[in-house]
Amino acid sequence: MATKPKVVESEPKTFTSILDTPMSEISRPKPAPHGSYLAMVKGLPRYDKSTKKGTPFSEYSMQLLEALDDVDGDALQVWLTRKDGTIVPLQEKMMKLTFYHTPDALWRLVKFLKDLGLEPEDEEISIGDMEQQTPGRQCIVHVKHTPSDDGEAMFGNIDKTGPAE
């Protein structure tokens, strides 16, 4: 009779405890299965500049809440299962979503804000002010697999968003 893998809640790790991990337990993280997920913005965006060109950006932490019908259930189980057989709840998975602050790319950020249900009551409100209203809001994110620059790894990146229905 097969035993059902147990679901565990992740404990916060300290830098020292992470370094105490045996090398045999370390493997390259698998990408999130491609498809659509209901996600929630966790906290305020992080503002920074890209390392290559110095382009300013805002980066959102997106907590995955639910996998939608276009996500392969078997691939999702594999992604959520640790090496020791324990299953990490999907809600513990976070993904980053970055928007560059350039005239040609700003429309993507505005679309994202609208997908979160943020419609300005005052047309003069700034995008920066709207960003302050994003924590806790939900939208649909679509994950696409993208190869690394060297072709040795595959990453699951958010390539588009849509309104949560």
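Residues that are in contact with a helix residue (DSSP H, G or I) (Cβ under 8 Å, 6 or more places away or on another chain) and not hydroxyl-bearing (Ser, Thr, Tyr) were ranked within the range 57-83; the one that is farthest from Pro45 (Cα to Cα) is Lys83. Among the residues of the range 143-156, those identified as in contact (Cβ under 8 Å) with a residue 40 or more places away in the chain and part of a strand (DSSP E or B) are Val143, Lys144, His145, Met154, Phe155, Gly156.
When residues in the range 53-69 are screened for being free of Cβ contacts under 8 Å to residues at least 40 places away in the same chain and hydroxyl-bearing (Ser, Thr, Tyr), 1 of them pass. Taking the condition closer than 27 Å to Lys52 by Cα and either touching a helix residue (DSSP H, G or I) at 6+ places or on another chain (Cβ under 6 Å) or free of Cβ contacts under 8 Å to residues at least 40 places away in the same chain (or both), does Val110 pass? So Val110 fits the description; yes. Being more than 19 Å from Ala32 (Cβ to Cβ), in contact (Cβ under 8 Å) with a residue 40 or more places away in the chain and out of contact with any Asp or Glu (no Cβ under 9 Å at 6 or more places or on another chain) is a property that does not hold for Gln138. The set of residues in the range 34-60 being open to solvent by less than 30 Å² (accessible area, probe 1.4 Å), within 18 Å of Phe112 (Cα to Cα) and small (Gly, Ala, Ser) consists of Gly35, Ser36, Ala39, Ser58.
For the range 78-102, a residue qualifies if it is at pLDDT 95 or above and open to solvent by 80 Å² or more (accessible area, probe 1.4 Å), and the qualifying residues are Gln91, Met94, Lys96, Tyr100.
The values are calculated or read from the model by the stated rules, or taken from the named source; none is laboratory data. Quick caveat: nothing in here was measured; it's all calculated off a predicted structure. Virtual Cβ from ideal backbone geometry, glycine too; neighbours counted across all protein chains shown. Heavy atoms of the whole protein, side chains included, go into the accessibility calculation; ligands, DNA and RNA do not. Shrake-Rupley method; radii C 1.70, N 1.55, O 1.52, S 1.80 Å.
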